[in-house]
Amino acid sequence: MTKFAIEPPKPVTIPVSGSNAVFPVRRVYCIGRNYAAHAIEMGHDPNREPPFFFQKNANNLDPSGTFPYPANSSDVHHEAEMLVALKSGGTDIPIDRALDHVFGYGLSLDMTRRDLQGEAKKMGRPWEIGKAFERSAPCGAIHPVSSVGHPDHGKITLRVNGEPRQEGDLNQMIWKVPEMISYLSEYFELAAGDIILSGTPSGVGPVSRGDEMEVSVEGLGQLQVIVA
Ligand code: MN
(Lines give C-alpha, C1' and ligand atoms only; values in the text may rest on other atoms or scores of the structure.)
Protein backbone atom coordinates (compact mmCIF):
# COMPACT_ATOMS: atom_id res chain seq x y z
CA MET A 1 0.00 0.00 0.00
CA THR A 2 1.23 3.51 -0.82
CA LYS A 3 2.44 5.45 2.16
CA PHE A 4 1.73 9.15 1.71
CA ALA A 5 4.21 11.62 3.18
CA ILE A 6 1.29 13.95 3.91
CA GLU A 7 -2.48 13.48 3.91
CA PRO A 8 -3.38 13.22 0.17
CA PRO A 9 -5.85 15.84 -1.13
CA LYS A 10 -9.41 14.61 -1.59
CA PRO A 11 -10.44 13.87 -5.18
CA VAL A 12 -12.64 16.60 -6.68
CA THR A 13 -16.05 15.27 -7.71
CA ILE A 14 -19.25 16.62 -9.25
CA PRO A 15 -22.67 14.99 -8.78
CA VAL A 16 -24.16 13.12 -11.75
CA SER A 17 -27.83 13.77 -12.33
CA GLY A 18 -30.03 10.69 -11.85
CA SER A 19 -27.21 8.62 -10.33
CA ASN A 20 -25.45 8.15 -7.02
CA ALA A 21 -22.13 7.96 -8.86
CA VAL A 22 -20.03 11.13 -8.92
CA PHE A 23 -17.83 12.48 -11.73
CA PRO A 24 -14.12 12.76 -10.79
CA VAL A 25 -12.40 15.87 -12.17
CA ARG A 26 -8.90 15.90 -13.67
CA ARG A 27 -8.40 19.26 -15.44
CA VAL A 28 -10.51 22.32 -16.25
CA TYR A 29 -10.05 24.12 -19.59
CA CYS A 30 -11.94 27.36 -20.26
CA ILE A 31 -12.31 29.01 -23.66
CA GLY A 32 -12.11 32.81 -23.95
CA ARG A 33 -14.39 35.00 -26.11
CA ASN A 34 -16.45 32.22 -27.64
CA TYR A 35 -19.58 34.30 -28.31
CA ALA A 36 -19.15 37.23 -30.74
CA ALA A 37 -21.33 39.64 -28.72
CA HIS A 38 -19.23 38.98 -25.60
CA ALA A 39 -15.95 39.47 -27.53
CA ILE A 40 -17.29 42.85 -28.69
CA GLU A 41 -18.35 43.91 -25.17
CA MET A 42 -14.83 43.11 -23.94
CA GLY A 43 -13.33 45.31 -26.68
CA HIS A 44 -12.19 42.61 -29.11
CA ASP A 45 -12.75 41.75 -32.75
CA PRO A 46 -15.15 38.79 -32.93
CA ASN A 47 -13.73 37.49 -36.21
CA ARG A 48 -12.86 33.86 -36.09
CA GLU A 49 -9.28 33.90 -34.85
CA PRO A 50 -7.86 30.67 -33.47
CA PRO A 51 -9.49 29.87 -30.11
CA PHE A 52 -7.58 30.41 -26.87
CA PHE A 53 -7.92 28.68 -23.54
CA PHE A 54 -6.92 29.22 -19.94
CA GLN A 55 -7.22 26.75 -17.08
CA LYS A 56 -8.85 26.71 -13.71
CA ASN A 57 -7.93 24.19 -11.04
CA ALA A 58 -10.04 21.08 -10.55
CA ASN A 59 -10.82 22.12 -6.99
CA ASN A 60 -12.09 25.54 -8.13
CA LEU A 61 -15.25 23.70 -9.23
CA ASP A 62 -17.89 23.96 -6.56
CA PRO A 63 -21.33 22.31 -6.64
CA SER A 64 -22.35 23.75 -3.22
CA GLY A 65 -24.64 26.52 -4.54
CA THR A 66 -22.71 29.17 -2.60
CA PHE A 67 -20.07 31.50 -4.03
CA PRO A 68 -18.03 33.28 -1.36
CA TYR A 69 -17.08 36.76 -2.59
CA PRO A 70 -13.31 36.45 -3.08
CA ALA A 71 -10.54 38.51 -1.49
CA ASN A 72 -8.66 41.33 -3.19
CA SER A 73 -11.29 42.34 -5.73
CA SER A 74 -14.09 44.84 -5.89
CA ASP A 75 -15.25 43.89 -9.39
CA VAL A 76 -16.22 40.21 -9.48
CA HIS A 77 -18.16 39.27 -12.62
CA HIS A 78 -20.51 36.43 -13.51
CA GLU A 79 -19.98 34.45 -16.74
CA ALA A 80 -22.65 31.81 -17.39
CA GLU A 81 -21.25 28.83 -19.29
CA MET A 82 -22.18 25.33 -20.40
CA LEU A 83 -19.84 22.73 -18.90
CA VAL A 84 -18.65 19.74 -20.96
CA ALA A 85 -17.35 16.65 -19.11
CA LEU A 86 -15.12 14.10 -20.88
CA LYS A 87 -15.16 10.34 -20.26
CA SER A 88 -12.09 9.69 -22.39
CA GLY A 89 -9.52 11.66 -24.34
CA GLY A 90 -6.30 11.40 -26.31
CA THR A 91 -4.33 13.57 -28.71
CA ASP A 92 -5.14 14.75 -32.25
CA ILE A 93 -8.83 13.87 -31.93
CA PRO A 94 -10.62 14.51 -35.25
CA ILE A 95 -13.63 16.84 -35.08
CA ASP A 96 -15.99 14.11 -36.29
CA ARG A 97 -14.93 11.77 -33.43
CA ALA A 98 -14.78 14.42 -30.71
CA LEU A 99 -18.28 13.95 -29.28
CA ASP A 100 -17.54 10.25 -28.66
CA HIS A 101 -15.40 11.45 -25.73
CA VAL A 102 -18.15 13.44 -23.97
CA PHE A 103 -19.68 11.98 -20.82
CA GLY A 104 -22.20 14.77 -20.25
CA TYR A 105 -23.08 18.43 -19.92
CA GLY A 106 -23.93 20.79 -17.10
CA LEU A 107 -24.26 24.39 -15.98
CA SER A 108 -21.43 26.46 -14.57
CA LEU A 109 -20.17 29.94 -13.83
CA ASP A 110 -16.70 31.21 -14.74
CA MET A 111 -16.51 33.75 -11.90
CA THR A 112 -13.87 36.37 -12.65
CA ARG A 113 -12.03 39.00 -10.60
CA ARG A 114 -12.33 41.40 -13.56
CA ASP A 115 -10.18 44.11 -11.99
CA LEU A 116 -7.28 41.70 -11.43
CA GLN A 117 -7.77 40.09 -14.86
CA GLY A 118 -7.72 43.58 -16.43
CA GLU A 119 -4.41 44.47 -14.73
CA ALA A 120 -2.91 41.13 -15.82
CA LYS A 121 -3.99 41.71 -19.43
CA LYS A 122 -2.53 45.21 -19.44
CA MET A 123 0.82 43.95 -18.17
CA GLY A 124 0.87 40.88 -20.44
CA ARG A 125 0.72 38.59 -17.40
CA PRO A 126 -1.12 35.26 -16.91
CA TRP A 127 -4.79 35.34 -15.92
CA GLU A 128 -4.82 32.88 -13.00
CA ILE A 129 -5.12 35.59 -10.38
CA GLY A 130 -8.33 36.80 -12.02
CA LYS A 131 -9.73 33.41 -12.94
CA ALA A 132 -8.41 30.45 -10.94
CA PHE A 133 -9.19 31.47 -7.36
CA GLU A 134 -10.99 29.49 -4.65
CA ARG A 135 -14.48 28.29 -5.61
CA SER A 136 -14.34 30.37 -8.82
CA ALA A 137 -16.33 27.82 -10.84
CA PRO A 138 -19.73 27.13 -9.25
CA CYS A 139 -21.40 24.26 -11.12
CA GLY A 140 -24.42 22.00 -11.14
CA ALA A 141 -24.77 18.24 -11.59
CA ILE A 142 -23.59 16.68 -14.83
CA HIS A 143 -26.33 15.34 -17.11
CA PRO A 144 -25.12 12.26 -19.00
CA VAL A 145 -25.31 12.23 -22.80
CA SER A 146 -27.65 9.24 -22.47
CA SER A 147 -30.30 11.59 -21.03
CA VAL A 148 -29.63 14.98 -22.73
CA GLY A 149 -27.81 14.14 -25.97
CA HIS A 150 -25.33 16.74 -27.25
CA PRO A 151 -26.90 20.22 -26.83
CA ASP A 152 -25.77 22.47 -29.72
CA HIS A 153 -28.55 25.05 -29.66
CA GLY A 154 -30.95 26.48 -27.12
CA LYS A 155 -31.08 29.51 -24.86
CA ILE A 156 -28.35 30.15 -22.29
CA THR A 157 -29.27 32.83 -19.76
CA LEU A 158 -28.21 34.28 -16.45
CA ARG A 159 -30.43 36.22 -14.07
CA VAL A 160 -29.32 38.08 -10.97
CA ASN A 161 -32.06 38.46 -8.34
CA GLY A 162 -34.55 37.59 -11.08
CA GLU A 163 -33.33 40.33 -13.48
CA PRO A 164 -32.10 39.15 -16.90
CA ARG A 165 -28.37 39.91 -17.33
CA GLN A 166 -26.96 37.48 -19.89
CA GLU A 167 -28.71 35.90 -22.82
CA GLY A 168 -27.48 33.99 -25.83
CA ASP A 169 -27.95 30.76 -27.70
CA LEU A 170 -25.58 27.79 -27.72
CA ASN A 171 -25.69 28.01 -31.53
CA GLN A 172 -23.83 31.36 -31.29
CA MET A 173 -20.64 29.69 -30.07
CA ILE A 174 -17.80 30.66 -32.41
CA TRP A 175 -16.02 27.37 -31.66
CA LYS A 176 -18.42 24.45 -31.25
CA VAL A 177 -17.90 21.70 -28.68
CA PRO A 178 -16.35 19.16 -31.13
CA GLU A 179 -14.00 21.86 -32.45
CA MET A 180 -12.88 22.82 -28.94
CA ILE A 181 -12.16 19.18 -28.04
CA SER A 182 -10.27 18.60 -31.29
CA TYR A 183 -8.25 21.83 -30.95
CA LEU A 184 -7.34 21.23 -27.29
CA SER A 185 -6.23 17.68 -28.14
CA GLU A 186 -3.67 19.06 -30.59
CA TYR A 187 -1.94 20.88 -27.72
CA PHE A 188 -2.72 18.75 -24.66
CA GLU A 189 -3.40 15.13 -23.95
CA LEU A 190 -7.06 15.07 -22.98
CA ALA A 191 -8.28 12.38 -20.60
CA ALA A 192 -11.28 11.07 -18.70
CA GLY A 193 -12.24 13.59 -16.02
CA ASP A 194 -11.35 16.67 -18.05
CA ILE A 195 -13.87 19.52 -18.07
CA ILE A 196 -14.31 22.28 -20.64
CA LEU A 197 -16.16 25.52 -19.86
CA SER A 198 -17.49 26.55 -23.26
CA GLY A 199 -17.58 30.35 -23.03
CA THR A 200 -20.09 33.00 -22.05
CA PRO A 201 -22.65 35.06 -23.97
CA SER A 202 -22.74 38.86 -23.66
CA GLY A 203 -24.02 40.70 -20.61
CA VAL A 204 -21.29 39.87 -18.10
CA GLY A 205 -21.26 42.15 -15.09
CA PRO A 206 -20.55 42.54 -11.38
CA VAL A 207 -22.19 40.77 -8.46
CA SER A 208 -22.51 41.78 -4.80
CA ARG A 209 -22.82 39.79 -1.59
CA GLY A 210 -26.38 38.56 -1.15
CA ASP A 211 -27.10 38.32 -4.89
CA GLU A 212 -28.74 35.21 -6.25
CA MET A 213 -27.43 34.13 -9.65
CA GLU A 214 -29.47 31.73 -11.76
CA VAL A 215 -27.95 30.09 -14.83
CA SER A 216 -30.20 28.30 -17.24
CA VAL A 217 -29.53 26.36 -20.43
CA GLU A 218 -32.42 24.92 -22.40
CA GLY A 219 -32.52 21.17 -21.76
CA LEU A 220 -30.09 21.29 -18.82
CA GLY A 221 -32.27 22.95 -16.18
CA GLN A 222 -31.21 25.71 -13.79
CA LEU A 223 -28.39 26.38 -11.37
CA GLN A 224 -28.90 28.76 -8.41
CA VAL A 225 -25.86 30.20 -6.68
CA ILE A 226 -25.86 32.67 -3.78
CA VAL A 227 -23.04 35.20 -3.47
CA ALA A 228 -21.98 35.06 0.20
MN1 MN B 1 -15.49 32.54 -19.37
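The values are calculated or read from the model by the stated rules, or taken from the named source; none is laboratory data. Note that this is a predicted model, so its numbers are computed, not measured. All Cβ positions, even for glycine, are placed from backbone atoms using ideal geometry, and neighbour counts span all protein chains on display. In case anyone asks, the SASA skips ligands and DNA or RNA and just uses the protein heavy atoms, side chains included. Shrake-Rupley method; radii C 1.70, N 1.55, O 1.52, S 1.80 Å.
Suppose the filter is over 16 Å from the mean Cα position of the chain (by Cα) and either exposed (fewer than 15 other Cβ atoms within 10 Å of the Cβ) or not in a helix (DSSP H, G or I) (or both); does Asp115 pass it? Taking the combined requirement at face value, the residue does not satisfy it.
Of all residues in the stretch 118-154, which are part of a helix (DSSP H, G or I) and among the aromatic types (Phe, Trp, Tyr)?
As a first pass, look at the stretch 118-154 and keep what is part of a helix (DSSP H, G or I): 118-122, 128-131, 145-148.
Answer for the stretch 118-154, where residues must be part of a helix (DSSP H, G or I) and among the aromatic types (Phe, Trp, Tyr): there is none.
Listed by position, the strands (runs of 3 or more DSSP E) contained in the stretch 1-42 that have at least 3 residues being in contact with a helix residue (DSSP H, G or I) (Cβ under 7 Å, 6 or more places away or on another chain) are 28-31. Selection over the stretch 71-90 of residues that are over 20 Å from the mean Cα position of the chain (by Cα) and closer than 30 Å to Gln117 by Cα gives a count of 4.
Going by what's in this entry, would Gly154 be described as within 16 Å of the ligand (Cβ to nearest atom) and either in contact (Cβ under 8 Å) with a residue 12 or more places away in the chain or within 27 Å of Thr13 (Cβ to Cβ) (or both)? Steps first, please.
On the way: within 16 Å of the ligand (Cβ to nearest atom): no; either in contact (Cβ under 8 Å) with a residue 12 or more places away in the chain or within 27 Å of Thr13 (Cβ to Cβ) (or both): yes.
No: the conditions fail for Gly154.
On the basis of being in contact with a strand residue (DSSP E or B) (Cβ under 7 Å, 6 or more places away or on another chain), under 19 Å from Glu128 (Cα atoms), within 15 Å of the ligand (Cβ to nearest atom) and open to solvent by less than 60 Å² (accessible area, probe 1.4 Å), does Tyr29 make the cut?
Taking the combined requirement at face value, the residue satisfies it.
Could you tell me which residue of the stretch 181-202 is surrounded by the most Cβ atoms within 10 Å (Cβ to Cβ), considering only residues that are within 11 Å of the ligand (Cβ to nearest atom) and part of a loop (DSSP other than H, G, I, E, B)? In this case the residue turns out to be Thr200. With respect to Asn161, is the statement that it is surrounded by fewer than 22 Cβ atoms within 10 Å (Cβ to Cβ) and out of contact with any strand residue (DSSP E or B) (no Cβ under 8 Å at 6 or more places or on another chain) true? Criteria not met by Asn161.
Listed here are the residues, each with its yes/no results for (1) more than 16 Å from the ligand (Cβ to nearest atom); (2) open to solvent by 10 Å² or more (accessible area, probe 1.4 Å); (3) modelled with pLDDT of 95 or more.
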{"residue": "Lys10", "(1), (2), (3)": "yes, yes, no"}
{"residue": "Glu41", "(1), (2), (3)": "no, yes, no"}
{"residue": "Asp45", "(1), (2), (3)": "yes, yes, no"}
{"residue": "Ala58", "(1), (2), (3)": "yes, yes, yes"}
{"residue": "Lys87", "(1), (2), (3)": "yes, yes, yes"}
{"residue": "Gly106", "(1), (2), (3)": "no, no, yes"}
